[in-house]
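Written below as structure tokens is the structure these notes are about.
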Amino acid sequence: MSNEQRETHAKRLLEDQLFTESFEVLKKQLVSEWMHTETHEIEKRESLHLSIKLVDRLYAHIESVLETGQIAQSLHKHPYI
């Protein structure tokens, strides 16, 4: 997949309401579960914490693909910036 195709696809995903809503709902659910763990549920909290971080990393990666493509396009249009 070319960089332009990746950027286009990332933009389409980030503009898709169901896609972004899915990330928001999933993160809220994970945070809620994490907040409602018992004191002795250390492993469960650790697992939920990692899951929350993974959701954030995945979303950030998709945003990065879009931003990198936009920066590359800007530099291509204005190579002396």
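Of the GluC sites (Glu not before Pro) found in the stretch 1-42, the ones in coil according to DSSP and having at most 15 other Cβ atoms within 10 Å of their Cβ are 38, 41. For the pair residue 2 and residue 36, the difference between a 0.36 nm per residue extended length and the Cα-Cα distance amounts to 7.9 nm.
Scaled against the 2.2 N^0.38 Å expected of a compact globular protein of N residues, the Cα radius of gyration of the stretch 1-65 reads 1.40.
Values in this text are rule-based calculations from the coordinates and carry no lab data. Since the structure is predicted, the reported quantities are computational estimates derived from the model, not experimental observations. Reconstructed Cβ throughout: ideal geometry from the backbone, glycine too, with neighbour counts over all protein chains shown.
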